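Colleague: Below: one structure in structure tokens.
The values are calculated or read from the model by the stated rules, or taken from the named source; none is laboratory data. The structure displayed is predicted, hence computed values, not measured ones. Cβ placement follows ideal geometry from the backbone for every residue including glycine, while neighbour counts extend to all protein chains displayed.
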Amino acid sequence: MGLSSAATTTTPSDLLKFCIFDLRRGQHEGEELEKILFFFPADLPFPAQLSVIGLSEGLITFTRIFSPEAACEVIEADMHSHVFFEAEPDIWMVMVVAKSKETEAIWRIEALRSVLKEIHSLFVMFHGSIRVLLDKEPGGGLTRSHLFTFIMDYLTDFLTGNKFTLPNFRDSLKERGTVQMLTVGREAAIEVQSLVGVLDSCMANTLGYSVILFQDLLVSTTLTPDDTTNLFSYGTLRLTPRILSSGGTSTWSYLRKGNVPSQAELASRSANTLSALDGFRDPSSDNYRIVRPLQHGKWSKGKDGFLVTDIWGVEVGNLVPTTPTLWLQQTEHKMYLCVYQHKSLTIILLIPVTSMLNGEEGISMLKQQLLENASAKIFKVEEKLAKGWGGENAYHVKGYRYLLVDGDRNISRASPPGKVTTLAKESLLALNKVREDFDLEKNRGNVDAVNHEKDLEICIRAKNNAWVIARSTRGKQLYILLEKANETLLYASEAVEKFSDRYCNGAFSLD
Amino acid sequence: MASDSSYASPSSDEEEESAGQKPTVDVNINSIDTSLDAIENQLSSIALNAPIDDGTVSSTDYHEEPVSEIDDGSLRESVSERRRNSIGESSSSRGSGLWRNNLEVGVELEPEGDGAPSSPSSSGYAGERGSSSSAASASDTDVIREIRENGSSMCDDGVVPLDPAQAQWIRGKRHADEDDGSISWRKRKKHFFILSHSGKPIYSRYGDEHKLAGFSATLQAIISFVENGGDRVKLVRAGKHQVVFLVKGPIYLVCISCTEEPYESLRGQLELLYGQMILILTRSVDKCFEKNPKFDMTPLLGGTDAVFSSLIHSFSRNPATFLHAYTCLPLAYTTRQAAGAILQDVADTGVLFAILMCKDKVVSLVGLQKSSLHPDDMLLLANFVMSSESFRTSESFSPICLPRYNPMAFLYAYVHYLDVDTYLTLLTTSSQAFFHLKECRIQIEAVLKKSNVLNEVERSLSDGGMRIED
């Protein structure tokens, strides 16, 4: 079962297994399969599936003996890691990945867990919570079909060739689940502010929200941080100009060297997942109409500037696409989703369904309003932002490769991906190791997001003489990789101070 | 290292407890017969305690073997007689038969199953294995110094009493009444378990092994479940807790800890725990398990709770446990030379290792033909000697095994306390060397007294280690 090249081809099931199960189901003898809500690979024989679930359940129960407050997080074995995430009470997501030093299969557990978190957040945004779906249809068919299509659509973004390439040590300078913001000058900020005001007035008394993106960066939002993160993730996965123009490829695959799947390829993959679904779901679930918001290439820009999609179906008769809807996390309100795009500017509007009394008609009226009243403003803002845009390498700092994370506001900023690829494997491995240690400390409550008292610094020198320095203070973390730095720790330390003073308002400087 | 002054005086309660586990040794130092009694009692103390199980290794095999190793003619029959007589009363014969069996086995290295680089069965000379664990600045949260309490209390292992004189470290197992249902047991900061591959509990730091059979079975289930999947479980993490697994052939070791020690540290501690077990039994326990998977090992380890407890205690006290190095007692050059010289002379007469120690610090150490003793072996041997009361009261000749030197065969250790804290250990491969070693000891003791070494050692100990002069 090894991953060495000497062995015969490794089956995909060895590289990645992913399952979602509900501990409250299938408690009686003979009903164990009822627990499984999702399993990848779907064609793994049931006994094997049950053994994965069984081991996970066993360890969850076992660790509860000693650690009732903190759930089981990870099982490390010689050849695999099992990553656990309790998405909802008694609903667990477990990912089993194969490890290998020779290939690129070196994982950071928290990075994998953040994939699970993102899957769950996005799922809940479009379909509601898993528990609610189960309550709606206790047989489980509804939940299973929704989970299957959603997750398979999500995972296609990680496909390179036939294998799934999950975030590994090469992605150490990224933090999933955070938002990347655009820095704007003062004038531009004022313009943006007034645009937000105009949008608000367009939405009149509906109490809607707006999220403005420029390129793949967030400019402004009136949503809560969690909802913003979700919308931002979805936006950068499916809605931004770059995505639309490259035929539906996602940010992640864009960054990968090698084949970027074409739209045809992705469309065929989507079709494949659907046909695989046939083998999995039971016939009674054929009646479910499943919305697939993560399907590739389904959004396109209409003539009026609004993005259209038939993901949510079309109206009978006139074949006008139904307006997309989603749920906000905290308020659990159902919202209409309207997306307008002009050049590099994407404006996402969320309007509560309950305040739109005439449904689809109301939405078209609102769109009309926006075109009439806000267009000019939108064009102006776009122009201003485009003028001040520093290009892809806008946030590159010469000599440094960095990642800055603001845990409180869920914001991160990092060296541009193009620059990160210049780093040596050794350096990235060292950074991965440091991040793992940081994660450990965070879990132990030593680095904290909450009480803002403990500072932490780790500084190491990798085998290739690169310096990796990580600092944490008051809810923020800074990771810096210096490949061409001096021999001495003092120099490296000073380099970090300089960076901190210049770009982080001295937040990470030691006094 | 602060000297553990409370070490020497167990409370009366404790004696009762330990009495239940091994017979008190009642010997007169000066007669040969009683010295042999001491050996007997030593063996029986280690192997006593449970009735012979039906399912265990039949003891008849071993009695038939000729008692050929003991050359001293006049004693042969009485010894063999004594050994046969002792069959009925205890399972020590099984134990001793077991050991005897090993001598025939000779030097044989069993290939290490799990391929871990730090296998104790690798032809273990010192220095091969560098320090693999990070220097864990393990905060001393796992404190065992405590005032003995009757009730179960959550703060037991978290409390550091300010005045060491008040707190007495209680040797041996405490809280033996707990089982996996007790809240207090669940809240312990660091558990250690040893179990067999069929799920039988062998040792548990807290709680009675017999009551933990169910829990042991759970641990075994987890380990074998993962093994059946073609993998081997190393670590489970949940919040602040880590569960570390180590598989050594048919022996499984598990540590459940919420101290913040890194995985590598905990694994190293499990390795040492395993080494301690091998020191007492050698690796031929593997063969017992091969013959009978349901082999119950607990009787073989009867009475050794104190040894394991003190080893575990030293994990948070003695840097040697993670540095894989031993500490020397600070002494003047001439003093150490004198000690070294006499030990060298003795070693030249065919003693494998001659070690003069004061508590856990080395005064002098000499090996035959420059053979070297791995620091881990030193640590485990010193721990074994210091935690067994019987060594203090009389000179002893005990079979032991050095895991890093040769895990498959027994050596014999002659141990004699020269004063309260200082003891001499002479290791030999020959089981009939007792008298020779006794002679050596007499010689050594004379020289040490003459050159005032013992006084110097005592003074150095009370000085308490190295100091920086103003």
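Colleague: Which condition number does B:GLU260 fail, the rest of (1) assigned to a helix (DSSP H, G or I); (2) surrounded by fewer than 23 Cβ atoms within 10 Å (Cβ to Cβ) being met?
Modeller: So the condition that B:GLU260 fails would be (1).
Colleague: Got at least one residue in the range B:381-391 being of a type outside the set (A, V, I, L, M, F, W, C), surrounded by fewer than 20 Cβ atoms within 10 Å (Cβ to Cβ), touching a strand residue (DSSP E or B) at 6+ places or on another chain (Cβ under 8 Å) and farther than 23 Å from B:ALA433 by Cβ?
Modeller: no
Colleague: Here is a further query. Quick check, is B:ILE251 within 29 Å of A:ILE75 (Cβ to Cβ) and out of contact with any Ser or Thr (no Cβ under 8 Å at 6 or more places or on another chain)?
Modeller: Considered against the rule, which asks whether it is within 29 Å of A:ILE75 (Cβ to Cβ) and out of contact with any Ser or Thr (no Cβ under 8 Å at 6 or more places or on another chain), B:ILE251 comes out as no.
Colleague: Any residue at all in the range A:78-89 that's modelled with pLDDT under 95, touching an Asp or Glu at 6+ places or on another chain (Cβ under 7 Å), buried (at least 19 other Cβ atoms within 10 Å of the Cβ) and within 15 Å of B:ARG237 (Cβ to Cβ)?
Modeller: So far as the range A:78-89 goes, yes, one or more of its residues are modelled with pLDDT under 95, touching an Asp or Glu at 6+ places or on another chain (Cβ under 7 Å), buried (at least 19 other Cβ atoms within 10 Å of the Cβ) and within 15 Å of B:ARG237 (Cβ to Cβ).
Colleague: While we're here: Is it the case that A:LEU456 is surrounded by fewer than 17 Cβ atoms within 10 Å (Cβ to Cβ) and without any contact (Cβ under 8 Å) to a residue 24 or more places away in the chain?
Modeller: The answer is yes for A:LEU456.
Colleague: Restricting the search to the range A:163-173, which residues are modelled with pLDDT of 90 or more and in contact with a strand residue (DSSP E or B) (Cβ under 6 Å, 6 or more places away or on another chain)?
Modeller: Of everything in the range A:163-173, just one residue is modelled with pLDDT of 90 or more and in contact with a strand residue (DSSP E or B) (Cβ under 6 Å, 6 or more places away or on another chain), namely A:LEU173.
Colleague: Turning to a different aspect of this structure: Restricting the search to the range B:448-460, which residues are surrounded by fewer than 17 Cβ atoms within 10 Å (Cβ to Cβ) and part of a helix (DSSP H, G or I)?
Modeller: B:LYS449, B:LYS450, B:ASN455, B:GLU458, B:ARG459
Colleague: What about B:VAL254, is it in contact with a Cys (Cβ under 9 Å, 6 or more places away or on another chain), within 12 Å of chain A (Cβ to nearest Cβ) and not in a helix (DSSP H, G or I)?
Modeller: no
Colleague: Has the range A:328-347 got any residue that is over 24 Å from A:ARG292 (Cα atoms) and hydroxyl-bearing (Ser, Thr, Tyr)?
Modeller: For the range A:328-347, residues over 24 Å from A:ARG292 (Cα atoms) and hydroxyl-bearing (Ser, Thr, Tyr): present.
Colleague: Next question. I'm trying to understand the selection: among the residues of the range A:63-107, which are part of a loop (DSSP other than H, G, I, E, B) and within 12 Å of chain B (Cβ to nearest Cβ)?
Modeller: Selection gives A:SER67, A:PRO68, A:GLU69, A:ALA70, A:ALA71, A:ASP78, A:MET79, A:LYS99.
Colleague: So which residues in the range B:414-439 are closer than 17 Å to B:ASP345 by Cα and touching a Leu at 6+ places or on another chain (Cβ under 6 Å)?
Modeller: Listed by number, the residues that qualify are B:TYR414, B:LEU424, B:LEU426, B:LEU427, B:THR428, B:LEU437.
Colleague: I need the full set of residues from the range A:44-62 which are more than 7 Å from chain B (Cβ to nearest Cβ), of a type in the set (A, V, I, L, M, F, W, C) and over 15 Å from A:MET93 (Cα atoms), in order please.
Modeller: Correct list: A:LEU44, A:PHE46, A:ALA48.
Colleague: Here is a further query. Might you check whether a residue that is outside any loop (DSSP other than H, G, I, E, B), within 28 Å of the chain's Cα centre (by Cα) and surrounded by 17 or more Cβ atoms within 10 Å (Cβ to Cβ) occurs anywhere in the range A:482-489?
Modeller: So far as the range A:482-489 goes, yes, one or more of its residues are outside any loop (DSSP other than H, G, I, E, B), within 28 Å of the chain's Cα centre (by Cα) and surrounded by 17 or more Cβ atoms within 10 Å (Cβ to Cβ).
Colleague: For the range B:191-246, name all the residues that are in contact with an Asp or Glu (Cβ under 8 Å, 6 or more places away or on another chain), more than 11 Å from every other protein chain (Cβ to nearest Cβ), over 16 Å from B:MET297 (Cα atoms) and not in a helix (DSSP H, G or I).
Modeller: B:TYR206, B:GLY207, B:LEU246
Colleague: Of these, A:SER427, A:SER412, which one is more than 14 Å from every other protein chain (Cβ to nearest Cβ), closer than 25 Å to A:ASP226 by Cβ and either assigned to a strand (DSSP E or B) or not basic (Lys, Arg) (or both)?
Modeller: Step by step, each of A:SER427, A:SER412 is checked, and only A:SER412 is more than 14 Å from every other protein chain (Cβ to nearest Cβ), closer than 25 Å to A:ASP226 by Cβ and either assigned to a strand (DSSP E or B) or not basic (Lys, Arg) (or both).
Colleague: For B:ASP286, indicate whether it is acidic (Asp, Glu), in a loop (DSSP other than H, G, I, E, B), more than 13 Å from the chain's Cα centre (by Cα) and in the same structural domain as B:GLN242 (by TED's automatic domain parsing).
Modeller: So B:ASP286 fails the test.
Colleague: With (1) in contact with a helix residue (DSSP H, G or I) (Cβ under 7 Å, 6 or more places away or on another chain); (2) in contact (Cβ under 8 Å) with a residue 60 or more places away in the chain as the list, and A:MET79 as the residue in question, which single condition is left unmet?
Modeller: So the condition that A:MET79 fails would be (1).
Colleague: Further question: If we keep just the residues of the range A:143-181 that are closer than 30 Å to A:LYS377 by Cβ and surrounded by 21 or more Cβ atoms within 10 Å (Cβ to Cβ), which is nearest to the chain's Cα centre (by Cα)?
Modeller: A:THR178
Colleague: Hand me the list of strands (runs of 3 or more DSSP E) wholly inside the range A:310-361 holding 2 or more residues that are under 30 Å from A:LYS384 (Cβ atoms).
Modeller: Because the criterion is at least 2 residues that are under 30 Å from A:LYS384 (Cβ atoms), the strands (runs of 3 or more DSSP E) in the range A:310-361 that meet it are A:334-342, A:345-352.
Colleague: List pairs: first in the range A:56-69 and crowded, with 22+ Cβ neighbours inside 10 Å, second of a type in the set (Val, Ile, Thr) and in a helix (DSSP H, G or I), Cβ under 8 Å, 6+ apart or cross-chain?
Modeller: A:LEU59/B:ILE222
Colleague: Take A:ASP439 and decide whether it is over 21 Å from A:VAL397 (Cα atoms), acidic (Asp, Glu) and in contact with an Asp or Glu (Cβ under 6 Å, 6 or more places away or on another chain).
Modeller: yes
Per-residue answers, yes or no, for (1) in the same structural domain as A:ALA495 (by TED's automatic domain parsing); (2) crowded, with 18+ Cβ neighbours inside 10 Å; (3) more than 21 Å from the chain's Cα centre (by Cα):
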residue	(1), (2), (3)
A:LYS384	no, yes, yes
A:ASN393	no, no, yes
A:ASP406	yes, yes, no
A:ASN410	yes, no, no
A:ARG413	yes, yes, no
A:LYS419	yes, yes, yes
A:ALA424	yes, no, yes
A:VAL434	yes, yes, yes
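Colleague: Across the range A:121-142, what is the total count of residues that are over 17 Å from the mean Cα position of the chain (by Cα) and without any contact (Cβ under 8 Å) to a residue 40 or more places away in the chain?
Modeller: Summing the residues that are over 17 Å from the mean Cα position of the chain (by Cα) and without any contact (Cβ under 8 Å) to a residue 40 or more places away in the chain in the range A:121-142 gives 6.
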